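Participant: Next up is a structure, given as structure tokens.
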Amino acid sequence: MKIYLNIIVMAVAVLSFNSCSDEKDGDWDSMVWKAEVPVQMTDGVYTVSANGTEFTFSCQNYSFPWINGAESNGKYYYPPREANDYHTISADWFKAEIKGNKLTVVFEANETVEERPLQLTVTAGDIFYTFKFMQSANEQYEVDLEQPTATTALSLSNAPIIDGSDSTEPLRNLLMCRLLGIDCQWRQRLHTDGTWCVIPEYQTLNDDDNKALQRILENRNTHGSFVSLIDGENDIIITARGISRDEQKYADEKGVQLLSRPVAKDAFVFIVNPRNPVRNLTIEQIQKIYTGEIRNWKEVGGRDATINPYVRNPNSGSQEKMETIVMAGLTMIEWPEMIGYVMLAPYFQLANDENGIAYTPFYYYDTIVNDDRTQVIGVNGIEPSKQTIEDNSYPYVTHVMASVRADKDKSSTAYQLFYQLATGQHNDIVKESGYIVYR
């Protein structure tokens, strides 16, 4: 009899903990949530700005609800249950967290031409509540581009100066060579850094044409190319990401607006030393590694060894993506000694460090570096590949962007090229470069 009594007491305690902690909580009544600031709703759906925003709600009749899951366009997301954490859930564009009876939902900026729905379900036991959100499409991408006012045959004398990220250099070189009728080849830079790139056959050109082509093909990296575009030092850029927060601030200060459109798909991936046995991490595990909450590989199924998390320099394409789409508002611990200042830095760092982890664009890893110094790992059980990028099943699919200044003459070859890229007229070249076409 005493055993049965103990079991009953324990069951009552569990139910009390799951549903409430005081007498005010409902007895499986419908959950009542209140937004802490006024929010816009249409037919029961919360309106989310394309620029991203944060919502905070408080549950009025349950003290300790938790997250059940989320769904968007048939894709399902779940809390990191293997870590017994039912209070956070995140993807590359949203994050939700419950602390006590407060729910915070953060949306990143929408860099696509499509609306993004999200249904987030929370529970307190046998009662469920679903929040419905709809994030607007990016108006900048949604608005039809003005058609060029001229159609000009491209030549070395009128071609625009094209610039961009280190990881998009093969695409830019291939694009200009194909459009200008110049021979080019994939070659490994054996005498410099060993990376692969599309190299124009400069030796087939006369001196004037050689100089003209070198003037056209710039490579100032992601941040440098955005700053140069804002300053009017180049004409069109193709980058591994859209404009950063600092770059947008600089553009605003200069009174400059940009036009940007996605032209290809890529992914943001994590790499380790090939001798590291870990082949998959959850989003939460990655976040905790970079906030310093997880410091040993054995905590994520690896060896008993301290994790060495490498980072990139501020405003680099990789660092901007890490902060915005992975950390999603979380503060990364500062590791000045772990910063890499060039695209290849993570590869050199990991080649000599079995306990390190770093991040990089998939295209740069798979096509430009293309060696066995590092090993890409899966995220949430999904390995990055061209297939998982194309079908958007990999959590961190990103976009390669083409950009020009909004005040660019619509008859210029720069705007003509931008318009052609934005409307998919050069998808064959994008595909030939090894990228996945956007549309």
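The values are calculated or read from the model by the stated rules, or taken from the named source; none is laboratory data. For clarity, every value in this text was computed on a predicted model and none was experimentally measured. Reconstructed Cβ throughout: ideal geometry from the backbone, glycine too, with neighbour counts over all protein chains shown. Protein only, heavy atoms only, side chains kept; ligands, DNA and RNA dropped before computing areas. Shrake-Rupley method; radii C 1.70, N 1.55, O 1.52, S 1.80 Å.
Each row is one residue, and each column tells you yes or no for (1) more than 15 Å from Val376 (Cα to Cα); (2) more than 18 Å from the chain's Cα centre (by Cα).
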site: Asp266; (1), (2): no, no
site: Val269; (1), (2): no, no
site: Glu284; (1), (2): yes, no
site: Lys288; (1), (2): yes, no
site: Glu293; (1), (2): yes, yes
site: Asp304; (1), (2): yes, yes
site: Ile307; (1), (2): yes, yes
site: Asn315; (1), (2): yes, no
site: Lys321; (1), (2): yes, no
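Participant: Just to be sure, is Ile377 in a strand (DSSP E or B), touching a Pro at 6+ places or on another chain (Cβ under 6 Å) and farther than 21 Å from Gly242 by Cα? I'd like the intermediate steps shown before the answer.
Facilitator: On the way: in a strand (DSSP E or B): yes; touching a Pro at 6+ places or on another chain (Cβ under 6 Å): no; farther than 21 Å from Gly242 by Cα: yes.
No.
Participant: Moving to a separate point now. With respect to Trp186, determine if the residue is closer than 28 Å to Val227 by Cα and of a type in the set (Phe, Trp, Tyr).
Facilitator: no
Participant: Given the structure, is Glu108 open to solvent by 10 Å² or more (accessible area, probe 1.4 Å) and closer than 21 Å to Asn427 by Cβ?
Facilitator: It is false that Glu108 is open to solvent by 10 Å² or more (accessible area, probe 1.4 Å) and closer than 21 Å to Asn427 by Cβ.
Participant: Let me ask another. Considering only residues that are at pLDDT below 95 and either open to solvent by less than 50 Å² (accessible area, probe 1.4 Å) or not in a helix (DSSP H, G or I) (or both), which ones fall in the range 230-254?
Facilitator: Hits for the range 230-254 are Ala240, Arg241, Gly242, Ile243, Ser244, Glu247, Ala251.
Participant: Report yes if some residue within the range 103-111 is more than 24 Å from the chain's Cα centre (by Cα), of a type in the set (D, E, K, R) and on the phi < 0 side of the Ramachandran plot; otherwise report no.
Facilitator: Taking every residue of the range 103-111 in turn, none turns out to be more than 24 Å from the chain's Cα centre (by Cα), of a type in the set (D, E, K, R) and on the phi < 0 side of the Ramachandran plot.
Participant: Moving on. Just checking, which of Val227, Val198 is touching a Pro at 6+ places or on another chain (Cβ under 9 Å) and not in a loop (DSSP other than H, G, I, E, B)?
Facilitator: Answer to the selection: Val198.
Participant: Let me ask another. List the number of the failed condition for Tyr363; all other conditions in (1) buried (at least 19 other Cβ atoms within 10 Å of the Cβ); (2) in a loop (DSSP other than H, G, I, E, B); (3) among the hydroxyl-bearing types (Ser, Thr, Tyr) hold.
Facilitator: Checking Tyr363 against (1) buried (at least 19 other Cβ atoms within 10 Å of the Cβ); (2) in a loop (DSSP other than H, G, I, E, B); (3) among the hydroxyl-bearing types (Ser, Thr, Tyr), the one that fails is (2).
Participant: Could you tell me which residue of the range 84-101 is modelled with the lowest pLDDT, considering only residues that are open to solvent by 60 Å² or more (accessible area, probe 1.4 Å) and not in a strand (DSSP E or B)?
Facilitator: Across the range 84-101, the extreme among qualifying residues is Asn84.
Participant: Looking at Thr282, Thr324, Thr306, which is the one that is out of contact with any strand residue (DSSP E or B) (no Cβ under 8 Å at 6 or more places or on another chain) and at negative phi? Before the answer, list the steps.
Facilitator: Values: Thr282 fails: out of contact with any strand residue (DSSP E or B) (no Cβ under 8 Å at 6 or more places or on another chain); Thr306 fails: out of contact with any strand residue (DSSP E or B) (no Cβ under 8 Å at 6 or more places or on another chain).
Selected residue: Thr324, the only one of Thr282, Thr324, Thr306 that is out of contact with any strand residue (DSSP E or B) (no Cβ under 8 Å at 6 or more places or on another chain) and at negative phi.
Participant: I need a count of the residues in the range 61-83 that are part of a strand (DSSP E or B), closer than 24 Å to Trp28 by Cβ and free of Cβ contacts under 8 Å to residues at least 24 places away in the same chain. Full working, then the answer.
Facilitator: From the range 61-83, those part of a strand (DSSP E or B) are 66-72, 75-77; that's our starting set.
If we keep only those that are closer than 24 Å to Trp28 by Cβ as well, we get 66-71.
Now drop any that are not free of Cβ contacts under 8 Å to residues at least 24 places away in the same chain, which leaves none.
Summing the residues that are part of a strand (DSSP E or B), closer than 24 Å to Trp28 by Cβ and free of Cβ contacts under 8 Å to residues at least 24 places away in the same chain in the range 61-83 gives 0.
Participant: Which residue is surrounded by the fewest Cβ atoms within 10 Å (Cβ to Cβ), if the candidates are limited to the range 380-412 and must be under 15 Å from the mean Cα position of the chain (by Cα) and in a strand (DSSP E or B)?
Facilitator: Result: His399.
Participant: Also, quick follow-up: Scan the range 142-165 residue by residue and report those that are buried (at least 16 other Cβ atoms within 10 Å of the Cβ) and of a type in the set (Asp, Glu).
Facilitator: Asp163
Participant: Of the residues Arg172, Arg220, Arg189, which single one is basic (Lys, Arg), within 19 Å of Val430 (Cα to Cα) and either touching a strand residue (DSSP E or B) at 6+ places or on another chain (Cβ under 8 Å) or loosely packed, with under 15 Cβ neighbours inside 10 Å (or both)?
Facilitator: Exactly one of Arg172, Arg220, Arg189 is basic (Lys, Arg), within 19 Å of Val430 (Cα to Cα) and either touching a strand residue (DSSP E or B) at 6+ places or on another chain (Cβ under 8 Å) or loosely packed, with under 15 Cβ neighbours inside 10 Å (or both), namely Arg172.
Every residue, every condition in (1) among the polar types (S, T, N, Q); (2) at pLDDT below 95; (3) under 28 Å from the mean Cα position of the chain (by Cα); (4) not in a strand (DSSP E or B), yes or no:
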{"residue": "Asp126", "(1), (2), (3), (4)": "no, yes, no, yes"}
{"residue": "Gln140", "(1), (2), (3), (4)": "yes, yes, yes, yes"}
{"residue": "Ser155", "(1), (2), (3), (4)": "yes, no, no, yes"}
{"residue": "Pro160", "(1), (2), (3), (4)": "no, no, no, yes"}
{"residue": "Met176", "(1), (2), (3), (4)": "no, no, yes, yes"}
{"residue": "Trp186", "(1), (2), (3), (4)": "no, no, yes, no"}
{"residue": "Asp208", "(1), (2), (3), (4)": "no, no, no, yes"}
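Participant: So, in the range 289-335, of the ones that are small (Gly, Ala, Ser), in a loop (DSSP other than H, G, I, E, B) and within 20 Å of Arg241 (Cα to Cα), which residue ends up most open to solvent (accessible area, probe 1.4 Å)?
Facilitator: Among those that are small (Gly, Ala, Ser), in a loop (DSSP other than H, G, I, E, B) and within 20 Å of Arg241 (Cα to Cα), it is Gly329.
Participant: Would you pick out the residues in the range 219-244 that are of a type in the set (D, E, K, R) and farther than 18 Å from Tyr435 by Cα?
Facilitator: Arg220, Asp231, Glu233, Asp235
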